[in-house]
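**Student:** Below you will find the structure I want to go over with you.
Since every read-out is calculated from the coordinates, none of them should be taken as a lab result. All values reported here derive from a predicted model rather than from experimental measurement. Using ideal geometry, Cβ is built from the backbone for each residue, glycine included, and neighbour counts are taken over all protein chains shown.
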Amino acid sequence: MIRLREKLNWKQLIQSCQAFFTSKKTKKSASITYHVVWNLVLIFFVVIILGGAFAGGVGAGYFASMVKDEPIRSYDSMKKDIYNYEETSDLYFADDVYLGKLRTDLEREEVKLEDVSDYLIKAVVATEDEYFYEHDGVVPKAILRALFQEVTNSAVQTGGSTLTQQLIKNQILTNEVSFERKAKEILLALRLEQFFDKKEILEAYLNVSTFGRNSTGRNIGGVQAAAKGVFGVTAKELTLPQAAFIAGLPQSPFGYTPFTNKGEIKNNLEPGITRMKTVLERMYDKGSITKEQYDEAINYDITQDFIPPSTSPQEEYPWLTFEIEKRAIDILSTILAEKDGYTAEDLQNDEDLKNEYLTLADRDLRQNGYQIHSTIKKDIFDAMQKVKDEFTYYGSDIQVTETDPETNEEVTVNKPVQVGAMMIENKTGKILSFVGGRDFSQEQLNHSTSGKRSNGSTMKPLLVYAPAIELGKLSPGSILPDLPLRLDPKNPNPWPRNYGGGYSGLVSARYALAKSYNVPAVKAYLDIIGQRPAEYLTKMGVTSLTPGDYENPSTAIGGLTNGITVEENVNAFGTFANNGQFIDAYLIEKIVDKEGNIVYQHEVQPVDVFSPQTAYLTYDMMRDVIKSGTAASLNSRLKFSSDWAGKTGTAQEYKDAWFVATNPNISFGTWLGYDTPKPLELNYKGLSYSNRNIYLWAQMMNAAYDVAPELVDPAETIKMPGGIVRRSFCAVSGLLPSDACSKAGLVETDLFNAKYVPSKVDDSLVEGKYVQIGDKKYLALDSTPEEFAEVGLILNPDYIEQLFGVNINPQQLIPKKDRWSKILLPDDKMEDNGKAPAPLSAKVSGTTITWANHPEKDIVGYRVYKDGSKVASIKTGGNLSYTGGNGLYYVTAVDIAGKESAPSPEVRIGPEEVPVVEQPGKEEPGKGNPEQPGQPTVPNPPPTTPPGEGTTENNGG
């Protein structure tokens, strides 16, 4: 019954449904609903199609705008770019002497695809481009995903570039990150796929990609160099885990590489191993390897396959090849940019544009087989490197703590004293030779062309003396102060100080430069700083100045913000040998392409900096540096004689030692210092830091003389131009000599620019009275007795105020030299205590009276009286005694104001006289005649005027 009832219920339900769907009302409703839904679907699809078409049109238009300037590349053009991995250029010394192939820090060895392990091919495809064999150069889905991540700034970035795109980026475009570059990359990838099959593209990619470093620390490119440099096998012999490790390197070559830049195994290998496991997982997911192969490879200890560190074969000219390469790339970048309508100024003002063309130039240099001719003289260069290697007076190594750039670990390393040297031909600017450092394998920085350091006192002729002479503010005979001054308003202490301490008072500009005094240089610089003398440095090729360098007084003595290179410093000194013209140094003479066309030829472009008169006067002053100044030790070291002019230099705290000199043909300079600025040893093997550098300079110059004597030792000298005269001047003021200056013996002669010969007569000295007490002299007062004073020359107080305008101690103005001994200072005063001196006490011994020095400080002398009359005046500081005849004596003291003390208690020389009693009516026979009888006699009666009476000199003065 139950089943029957259930059947009836189901039947009724079905009949009801049929009735509902077949009724007219239901059919009418369904028809309306159907039409509404269908219309909505049609509208939706139309909107989607129109919106997509619009978006696609906009996108296509934007894409077209980004690639509109990209030329349509031919098959031959793309083939050349893709397969010409590195066609290295040839390098030459001067005079077409062959140097060798362009040095590269990327070792690459080309390999055919059939000679590459199948494991490696599968690993690269699975890791870098899983749809490589299916796409036509790009994968739209991957591009959209990468675009979405870029727009949303997604933290997880997955690459959108195929192997084809990566090949385009490496070989044709740059690494610039921009939508325009990406659009060009897509366009060229599609075009490349039309010209080349997949095997050709894959083979090129495997030869182009970079793979970190090998066991020598050198950068490697291509799978063959990677297989040999990491595992010591060929690309064909790679095992599965080895192939997976190498396939993972291109994503972060220097992060995953197992070697440091010194060829040592890294302490942390985990990043590279983790990446290898990721490659194996992708290979397994793609089905390129089996589960058994995956399990075995992922558990394999890949570190046991890394070959041990090995020594890189030393190239003979590492610094030179790098320097030629750097400068050639810079030249070619400008040439390439100008072909595209840019100027050198555009590159200078746009860092991104400059970097783009430097990348293109680097590729151009390696792919087009240029001949690069340098200015370097091989024989001189070789001779200097030999001296550098054999020199034994650099100084001791120091230990410094550094952060390893790859591991970020703190390490302690030994740092030797480094060296930089450069020789430049004055008239052409050719760099004839240089020394880049001690050992290229330890330090790649070229200390002659790239290392910037404070140039110490070598700055003085460039920034102070030559500009001041040019501006008419200074001549070689100008007088400058060398004494403690406070020339830095921010420093309450005397600044600057002279190296070695001590001051010399008033000195000439010539003498101050020869002895390298700091105070005169800074004082002279402050006198002209308002006229921006640092602009002369920019005219002479100094490129590292900051705005602060134009205002900082310490710039005068080499205190630059960024420092200066050896090349710039030496190059600037050549200006003085070139009659005031600066000729910029250069190292690339010309660049020739494979067809023999000269694509670049250097042209000399002189810049007027100083007048010929200024150049000569500065040059002549620097001759004294070598003749008798801080570089005098050079004279005994050179094996030849030449018209040298130069300057030594020491940076703050003895961190840098310089010597730069020039002669009619060449300029040459050397620098010593630590890479991490630390003080040099003041004495090493018996030589000061400065002499060690001068000795190195001399040895290198002697070596150059041995191979090129005519070049480094010209017969001619620097000739004096017109407009220079020799004139006398007063050594106190630098003005024309006065009678007073002549009397003092302080007249000197020197050279002057005829336009700036002094016309004023010296007024720095005036005649006046002084008193001398021992070795000290004091100005006399108007009331000082003449007998205690002498006439001398006094430094005019108005002159001191006018010359210096600063608060100074006048006592330090007068140099400690014999000929200055007669000069007194206005502050050399003895203060009068305002009262008469207290009485003295005297005593007698035989015929000599003595007394003690008066305790009061204003006493200038003593008077001796006999029987009430003055018989002697004795100056303070003389012998306090008087020898006289019989009589009654006393002594007084006289002060600076002429006030005299009361007499001392009387003392007697000789016996007291016995009075004679006259007898009445009897004549005294022989009265007054000691020889007649009856008259008392006085033995040895004194002369009418006692010896030396009235003088100081004969009485112990």
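**Student:** Highest mean first, how do 551-563, 200-212 rank when packing is the count of other Cβ atoms within 10 Å averaged over residues?
**Tutor:** 200-212, 551-563
**Student:** Convert each backbone phi in the range 681-696 into a coupling constant with the Karplus relation 6.51 cos²θ - 1.76 cosθ + 1.60 (shift: θ = phi - 60°), then list the ³J(HN,Hα) values in order as whole Hz, x for Gly and Pro.
**Tutor:** After applying 6.51 cos²θ - 1.76 cosθ + 1.60, I find 5, 5, 9, 9, 6, x, 10, 6, 4, 5, 5, 4, 5, 5, 5, 4 Hz.
**Student:** Which lysines have a Cα lying under 16 Å from the Cα of Lys388, excluding residues fewer than 8 positions away in the same chain?
**Tutor:** Once the sequence-local lysines are set aside, what remains near Lys388 is Lys378.
**Student:** OK, next. Pull out a ≥ b ≥ c, the square roots of the eigenvalues of the alpha-carbon gyration tensor of the range 721-784, then state rounded if a/c is under 1.5, prolate if not and a/b is larger than b/c, and oblate in the remaining case.
**Tutor:** It is prolate, given that a/c is not under 1.5 and a/b is the larger ratio.
**Student:** Now a separate question. Please list 756-768, 220-232 highest first by mean number of surrounding beta-carbon atoms within 10 Å per residue.
**Tutor:** Packing order, densest peptide first, comes out as 220-232, 756-768.
**Student:** Now, a different point. Highest first, please rank the peptides 887-895, 485-493 by the mean number of other Cβ atoms sitting within 10 Å of their residues.
**Tutor:** The peptides rank, most packed first, as 887-895, 485-493.
**Student:** Also, quick follow-up: Give the calculated FRET efficiency between Lys835 and Asp798 to the nearest 0.05, with a Förster radius of 41 Å applied to their Cβ-Cβ distance.
**Tutor:** It comes to 0.80.
**Student:** Once you place label points 7 Å from the Cα toward the Cβ at Thr403 and Gln605, how far apart are they in nm?
**Tutor:** Those two pseudo-labels are separated by 4.1 nm.
**Student:** If each of Ile307 and Ile265 carries a label point 7 Å out from its Cα toward its Cβ, how far apart are those two points in nm?
**Tutor:** Going from the Ile307 label point to the Ile265 one covers 1.6 nm.
**Student:** In terms of Cα to Cα distance under 17 Å, which aspartates and glutamates are near enough to Lys719, apart from those fewer than 8 places away along the same chain?
**Tutor:** Asp620, Asp624, Asp643, Asp750
**Student:** I would also like to ask the following. Show me, for the range 745-753, the HN-Hα J-couplings you get by feeding each phi into the Karplus relation (A = 6.51, B = -1.76, C = 1.60, θ = phi - 60°), rounded to Hz, glycine and proline as x.
**Tutor:** x, 10, 8, 10, 10, 7, 8, 9, 5
**Student:** Sticking with this one: How far apart, in nm, are two points set 7 Å out from the Cα along the Cα-to-Cβ line at Asp95 and at Lys857?
**Tutor:** According to this spin-label approximation, the distance is 7.5 nm.
**Student:** Hey, another quick one. Suppose every Lys and Arg Cβ carries +1 and every Asp and Glu Cβ carries -1, with no other charges. What dipole size does the range 693-789 come out with about its Cα centre, to the nearest 20 debye?
**Tutor:** Here the size comes out at about 260 debye.
**Student:** Something else about it: Going 7 Å from the Cα of Asp330 in the Cα-to-Cβ direction, what parts of the range 589-610 have a backbone nitrogen less than 14 Å from that spot?
**Tutor:** 589
**Student:** If you take the beta carbon distance between Asp389 and Ser641 as r and set R0 to 45 Å, what does 1/(1 + (r/R0)^6) give as a FRET efficiency, to the nearest 0.05?
**Tutor:** 0.95
**Student:** Given H placed 1.01 Å from N in the peptide plane, which residues other than close sequence neighbours of Val417 have an amide H under 5 Å from its amide H?
**Tutor:** none
**Student:** Next question. Please give every one of the aspartates and glutamates within straight-line cross-link reach of Lys199, meaning a C-alpha to C-alpha distance under 19 Å, and leave out same-chain neighbours fewer than 8 residues apart.
**Tutor:** Output for Lys199: Asp76, Asp81, Glu109, Glu110, Glu114, Asp115, Asp118, Glu128, Asp129, Glu130, Glu134, Asp136.
**Student:** Specify whether the C-alpha gyration tensor of the range 656-704 places it in the rounded, prolate or oblate class, a ≥ b ≥ c being the square roots of the eigenvalues: rounded for a/c under 1.5, otherwise prolate if a/b is larger than b/c and oblate if not.
**Tutor:** prolate
**Student:** Go ahead and run the numbers for FRET between Thr717 and Glu345, Cβ-Cβ distance against an R0 of 35 Å, rounding to 0.05.
**Tutor:** 0.30
**Student:** Of the listed pairs Lys515/Lys776; Lys169/Lys539; Lys326/Lys678, which have alpha-carbon separations greater than 31 Å here?
**Tutor:** In this structure, Lys169/Lys539 lie more than 31 Å apart at Cα.
**Student:** For Asn796, enumerate residues with amide H under 5 Å from its amide H, sequence gap 5+ or separate chain, H modeled in the peptide plane.
**Tutor:** Close amide H contacts, sequence-distant or interchain: Leu765, Val766.
**Student:** While we're on this one: Past 32 Å, Cα to Cα: identify those pairs from Lys182/Lys266; Lys523/Lys627; Lys377/Lys473; Lys262/Lys647; Lys101/Lys639, in the order given.
**Tutor:** Lys182/Lys266; Lys377/Lys473; Lys262/Lys647; Lys101/Lys639
**Student:** Please list, ordered by chain and number, the residues whose modelled amide H lies under 5 Å from the amide H of Ile666; skip anything fewer than 5 residues away on the same chain.
**Tutor:** Those qualifying (amide H under 5 Å, at least 5 residues apart or on another chain) are Asn426.
**Student:** Give or take rounding to whole Å, what are the principal axis extents of the alpha carbon atoms in the range 104-305, in descending order?
**Tutor:** Projected onto the principal axes, the Cα atoms of the range 104-305 cover 44, 42, 37 Å.
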